[in-house]
Amino acid sequence: MSEKIVSLEDIVSLAKRRGFVFGSSEIYGGYAGVYDYGPYGVELANNLKNAWWKYMVQQRQDIVGLDSGIFMHPEIWKASGHVGGFSDPLAECNNCHTRIRADHTLEELGEQADEKMSTEQLNNLFDKHRTEIKCPNCGKKEFGEVKNFNLLVKSNLGNFSDDMDDNPVYLRGETCQGIYVNFPNVVDSSRVKVPFGIAQIGKAFRNEISPRQFIFRTREFEQMEMQYFTNPETELEEFEKLRQYRWNFYKTIGIREENMQWHKHENLVFYAKEAYDIEYKYPFGFKELEGVHARGDYDLGAHQKGSGKDLTYFDPTGNTRYLPHVIESSVGLNRMFLAVLSDAYTVETLANGESRTVLKLHPSLAPIKFAVSPLLRNKPELVAKAHEVYDMLSKNYMCEFDDNGNIGKRYRRQDEIGTPKCITIDFQTLEDGTVTVRDRDTTEQTRTKIENIAG
Ligand code: ATP
């Protein structure tokens, strides 16, 4: 069996054809930067969230969960620095007004344009390349100066005046602010002791100027974040543990290690102690999947100042009081989804020369665990038995009842959605209670007693 290199188009096409991911509002011509997750997509997304939650909360005595609101007091985003500084550097085409990310464009031209650069420095670099930078829309090379554009999405929640910009309330740009502001609530109401973490999964919104690469960069996305509060003295020690722990997570969900790498941030923002990204080798190259950062006391410090409330922690072990330092793990569910699909997508040429597309998902992530079929759909006794097996398995597993008469087609479909096992009920089943179990990866078929199907 040989394998072919996967392209982003292959993945987008399978995702749509098989009901994993749809473009938003398609019948209205589409809506940029938002995607909808179809019947198999929502299963895969839920399985990823469950795997993350189990690993980050259930299996950790020192981490608890949280679900904070999408809307929060607008002062939170001022205190955190987002109102003033959460921005992307953009340049606008003077001809057609298309805006581009100046930093991304410069990186594509081989320059190092990082987040620490001032607008003036970016403008100088941009000027150096001005004659090469073509508008992706109209093709003219007439960009204006680079300006910062804030990424926060505004709403008029609770605002009944006509002016939307009058005291805007923001849709959260990241989930972790909800964690920081609940730090004192969690300390006061649960038995946690520093070092401990708070984990949260939820939607976040950013006015990305150029949403692209399918679900990699979108305006509405879901984050899975864990903020770990440490004694300042052990911050970096805990950080190394968290880095290792997060790397190992991807192994537990079956991501191939050779497709992952660490990227160390060389130019750190002023408060950061260390910052690394886990990058995944997407079909468009190695790109940030997750950030693991040591953030010092910046976050609690900012909210202590912004709210005027004391957020220090009394540590009974050393009889000391301090502002905990934060280390964080932050990953986009959608980026993880795309990494998992890219890693699992396989096209094999079989010994007989035919090719098959198979999603070799880790079984725990597969949207459907068992496809159950009667050998013939016009034999009521086989159909009834197949329903019985379906009812038994579906109590514990996501199953699909598939009575498409053509077995070849059925297997092809189940391979493409990554179903680990296909169960067929035939005449022998009625006699001895055994079924045929066909394995997705080996394509081998074995006979198994019904009660042993789930192993
Ligand atoms: P990038 O540099 O790619 O814009 P970032 O460094 O701004 O990302 P963070 O603010 O650190 O990202 O967000 C943490 C995580 O949230 C990222 O590692 C990524 O997985 C996810 N994420 C951020 N922005 C988006 C987006 N627009 N679409 C999907 N996921 C995102």
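The values are calculated or read from the model by the stated rules, or taken from the named source; none is laboratory data. The shown structure was predicted, so the numbers you read here are calculated from the model rather than taken from an experiment. Cβ: placed from backbone, ideal geometry, glycine included. Neighbour counts: every protein chain shown.
Figures for the structure shown
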item	result
Matching residues in region 93-120 - criterion: being under 13 Å from GLU132 (Cβ atoms) and in a loop (DSSP other than H, G, I, E, B)	LEU109, GLY110, GLU111
Residue satisfying all of: in region 336-361; charged (D, E, K, R) and modelled with pLDDT under 95; farthest from the ligand (Cβ to nearest atom) among these	GLU354
All positions within region 293-338 that are basic (Lys, Arg) and either touching a residue at least 40 places away in the same chain (Cβ under 8 Å) or part of a loop (DSSP other than H, G, I, E, B) (or both)	ARG295, LYS305, LYS309, ARG335
Selection status of LYS203, surrounded by fewer than 18 Cβ atoms within 10 Å (Cβ to Cβ), part of a loop (DSSP other than H, G, I, E, B) and not aromatic (Phe, Trp, Tyr)	no
Residue satisfying all of: in region 303-335; within 16 Å of the ligand (Cβ to nearest atom) and within 25 Å of GLU240 (Cβ to Cβ); surrounded by the most Cβ atoms within 10 Å (Cβ to Cβ) among these	ILE327
Count of region 169-210 residues which are of a type in the set (S, T, N, Q), under 16 Å from GLU225 (Cα atoms) and either within 12 Å of the ligand (Cβ to nearest atom) or not assigned by TED's automatic domain parsing to the domain that holds VAL34 (or both)	2
Lone qualifier among PHE221, PHE249, PHE214 - being surrounded by 18 or more Cβ atoms within 10 Å (Cβ to Cβ), assigned to a helix (DSSP H, G or I), within 18 Å of the chain's Cα centre (by Cα) and within 14 Å of the ligand (Cβ to nearest atom)	PHE249
Only listed residue being within 24 Å of the chain's Cα centre (by Cα), under 30 Å from THR98 (Cβ atoms) and not in a loop (DSSP other than H, G, I, E, B), chosen from TYR170, TYR228	TYR170
Identity of the residue in region 140-166, touching a helix residue (DSSP H, G or I) at 6+ places or on another chain (Cβ under 7 Å) and in a loop (DSSP other than H, G, I, E, B), that ends up modelled with the highest pLDDT	LEU152
Where a residue in region 362-378 is within 19 Å of GLN445 (Cβ to Cβ) and its partner, wherever it lies, is hydroxyl-bearing (Ser, Thr, Tyr) and part of a strand (DSSP E or B), with Cβ under 7 Å and at least six apart	SER373/THR424; LEU375/THR424
Test: residue in region 117-125 that is touching a Leu at 6+ places or on another chain (Cβ under 7 Å) and not assigned by TED's automatic domain parsing to the domain that holds TYR35	yes
Hey, LYS281 touching a helix residue (DSSP H, G or I) at 6+ places or on another chain (Cβ under 8 Å), among the basic types (Lys, Arg) and more than 16 Å from the ligand (Cβ to nearest atom) or not	no
Sole exception among (1) closer than 30 Å to ASP415 by Cα; (2) assigned to a loop (DSSP other than H, G, I, E, B) for LYS54, by number	(2)
Check on TYR282, over 30 Å from TYR31 (Cβ atoms) and among the hydroxyl-bearing types (Ser, Thr, Tyr)	no
Entirely in region 342-455, the strands (runs of 3 or more DSSP E) that have 3 or more residues that are closer than 28 Å to TYR282 by Cβ and out of contact with any Pro (no Cβ under 7 Å at 6 or more places or on another chain)	345-349, 355-359
